[in-house]
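To start, the structure itself, in structure tokens.
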Amino acid sequence: MRLSRYFLPILREVPKEAEIVSHRLMLRAGMIRQESAGIYAWLPLGKKVLDKICAVIREEQNRSGAIEIMMPTIQSADLWRESGRYDDYGKEMLRIKDRHERDMLYGPTNEEMLTEIVRAYVKSYKDLPLNLYHIQWKFRDEVRPRFGVMRSREFLMKDAYSIDLDFDNAVIAYNRMFVAYLRTFARLGLTAIPMVADTGPIGGNHSHEFIILASTGESEVFCHADYLDMPPPAADIDFRDPAALQGAVDQWTSLYAATEEKHDVAAFEAVEEGKRLSARGIEVGHIFYFGTKYSEPMGARVTGPDGVERPVHMGSYGIGPSRLVAAIIEASHDENGIIWPDAIAPFQVGILNLKVGDAATDAACEQLYATLTARGVDVLYDDTEERPGSKFATADLIGVPWQIIVGPKGLAAGTVELKRRADGARENLSLEAALARVL
Ligand code: ATP
Ligand code: MG
Ligand code: MG
Ligand code: MG
């Protein structure tokens with residue numbers, strides 16, 4: 001991408017309305033634009049990051065055996081009357097009437113609709129296990145939308161739903177998602193700690209919120225410090241091996257970790273003193289086993305090996321990709337801007353032409369740009385007329401991980417400068433050596 005042809009509405013001023021750093025940086029970097037309270041348009045840079053996050057989520061969901069579908073945003077109220085949640089859900093639900101005066105709603109979540117699909121097609125235990133997911137916009141009329149896309153009213157969610165014959169199989173499905181989540185967050189450069197969460201009337205201990213620690217987080221959390229260095233499950237973990245999955249889950253639940261609602265002071269105080277972490281956290285994911293809560297009232301039943309029909313056992317598993325964009329920035333930035341983990345950086349490499357119009361500089365930049373583009377690298381070529389200082393500031397603000405700085409002086413000596421955004425390290429290298437480093 002040539003910056004001169006791109007749409008990157010950078011703000012030099014710090015927006016006054018933004019209270020937290022991720023919101024400020026997303027506005028300054030031209031990633032999002034508020035259209036109504038808690039409702040945002042995603043501009044090119046924001047859309048790129050959002051897509052890259054979704055790609056990582058998708059890969060890990062697919063690896064675990066979940067299957068992607070797409071359900072609509074608009075749902076019929078009748079479905080929700082069947083589960084009993086139409087009246088219970090309250091004001092967070094956006095209720096809509098169509099031209100025939102039928103009650104519709106903008107989906108805040110999809111348990112009912114997924115259960116409806118399952119009951120239509122899944123009749124036998126032989127069709128199980130099954131896990132279906134989609135990545136779709138949700139609407140929740142939050143009382144206090146704030147912090148930009150961190151708590152918005154319209155937001156993107158990856159929600160998966162597992163369907164199993166009985167409790168034991170549902171736990172295996174739960175563990176698959178538990179492991180997939182750990183891998184997903186690690187790949188996004190985050191340390192997300194699974195914390196015991198409320199199961200409501202379902203009971204048991206199969207509900208975990210995945211929380212990243214950040215001073216601006218809305219939840220108060222308590223955990224063992226060793227979680228911060230625990231390695232995520234390996235990429236080759238066998239998702240068909242229940243014992244391997246249980247092993248990973250056991251390790252990641254072996255130490256104390258709970259949000260305020262489930263906090264057990266005595267258990268926390270049993271943790272050795274230097275290892276007790278009490279902090280603020282951001283909920284980036286939530287997994288939940290809810291048994292037959294929807295299958296029972298909605299009649300999603302299958303025949304077991306014994307010929308007896310029974311309601312399926314289900315769980316749901318949510319991740320907020322749009323909240324993650326903000327959460328990653330909260331976890332990874334400095335005074336100059338965003339520091340993207342390589343896996344989701346909107347552009348992996350930036351080329352900064354310090355003297356547009358200088359024949360040698362232009363030629364070197366064009367050569368770099370052509371080579372990187374041909375190799376499939378997402379590259380942003382700053383070919384604008386801006387001063388060097390402004391180009392450096394833009395590249396750092398939007399968080400380009402590798403920056404190749406090309407100017408006439410360096411070129412005369414046969415070098416370009418390679419800068420690493422994360423630590424600011426700079427090196428003078430030949431064009432070829434710089435290319436070799438970023439490829
Ligand atoms: P919160 O406690 O922050 O209100 P929740 O518990 O209501 O979130 P879930 O129903 O568990 O959210 O939804 C799954 C995921 O969707 C959350 O873990 C979060 O990442 C994301 N999410 C939920 N609400 C929002 C929102 N208003 N804006 C952005 N992302 C959200
Ligand atoms: Mg909520
Ligand atoms: Mg919550
Ligand atoms: Mg939740």
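Each reported figure results from applying straightforward, stated rules to the coordinates on display, with no laboratory input. Since we're looking at a predicted model, the values are computed, not measured. Neighbour counts run over all protein chains shown; Cβ positions are idealised from the backbone, glycine included.
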**Message:** Which pairs turn up if I take residues in the range 184-198 that are farther than 17 Å from Gln251 by Cβ and in a loop (DSSP other than H, G, I, E, B) and look for partners that are of a type in the set (Phe, Trp, Tyr) and away from ligand 4 (no atom under 16 Å from the Cβ) with beta carbon separation below 9 Å, at least 6 apart in sequence or on another chain?
**Reply:** Gly189/Trp340
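Just checking: which of the strands (runs of 3 or more DSSP E) contained wholly in the range 279-342 hold 1 or more residues that are of a type in the set (Phe, Trp, Tyr)?
Output list reads 313-319.
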**Complete:** In the set Asp334, Asp378, Asp362, the lone residue that is more than 16 Å from ligand 3 (Cβ to nearest atom) and closer than 14 Å to Gln403 by Cα is Asp378
**Asked** For the range 259-276, does any single residue satisfy the condition of being surrounded by 12 or more Cβ atoms within 10 Å (Cβ to Cβ), closer than 29 Å to Ser83 by Cβ and more than 16 Å from ligand 1 (Cβ to nearest atom)?
**Response** no
**Complete:** Taking the range 273-289 and the residues there that are among the charged types (D, E, K, R) and away from ligand 2 (no atom under 16 Å from the Cβ), the one that is farthest from Ile328 (Cα to Cα) would be Glu273
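Among the strands (runs of 3 or more DSSP E) lying completely within the range 58-152, list those that include at least 2 residues that are under 27 Å from Val179 (Cβ atoms) and under 21 Å from the mean Cα position of the chain (by Cα).
130-139
Residues checked against (1) of a type outside the set (Val, Ile, Thr); (2) surrounded by fewer than 21 Cβ atoms within 10 Å (Cβ to Cβ); (3) in contact with an Asp or Glu (Cβ under 9 Å, 6 or more places away or on another chain); (4) touching a residue at least 40 places away in the same chain (Cβ under 8 Å):
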| position | (1), (2), (3), (4) |
| --- | --- |
| Glu296 | yes, yes, no, no |
| Arg301 | yes, yes, yes, yes |
| Val308 | no, yes, no, no |
| Ser322 | yes, no, yes, yes |
| Ile329 | no, no, no, yes |
| Trp340 | yes, no, no, yes |
| Phe347 | yes, no, yes, yes |
| Lys355 | yes, yes, yes, yes |
**Prompt:** Out of Ile237, Ile202, Ile172, Ile211, which single residue is under 25 Å from Arg58 (Cβ atoms) and within 16 Å of ligand 4 (Cβ to nearest atom)?
**Reply:** Ile211
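Scan the range 199-234 for residues that are within 24 Å of Thr292 (Cα to Cα) and assigned to a helix (DSSP H, G or I) and report the count.
Of the range 199-234, the ones within 24 Å of Thr292 (Cα to Cα) are 199-210.
With the extra rule that they be assigned to a helix (DSSP H, G or I), the set shrinks to 200-202.
Number satisfying all stated conditions: 3.
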**Prompt:** Within the range 108-129, can one find any residue that is within 12 Å of ligand 1 (Cβ to nearest atom) and without any contact (Cβ under 8 Å) to a residue 40 or more places away in the chain?
**Reply:** yes
**Asked** Among the residues of the range 199-251, how many are acidic (Asp, Glu) and touching a residue at least 12 places away in the same chain (Cβ under 8 Å)?
**Response** 4
**Item:** Of all residues making up the range 236-278, the number that are hydrophobic (A, V, I, L, M, F, W, C) and outside any helix (DSSP H, G or I)
**Value:** 8
**Asked** Which of (1) within 18 Å of Ser316 (Cα to Cα); (2) away from ligand 4 (no atom under 16 Å from the Cβ); (3) surrounded by fewer than 20 Cβ atoms within 10 Å (Cβ to Cβ) does Gln251 not meet, given it meets every other one?
**Response** (1)
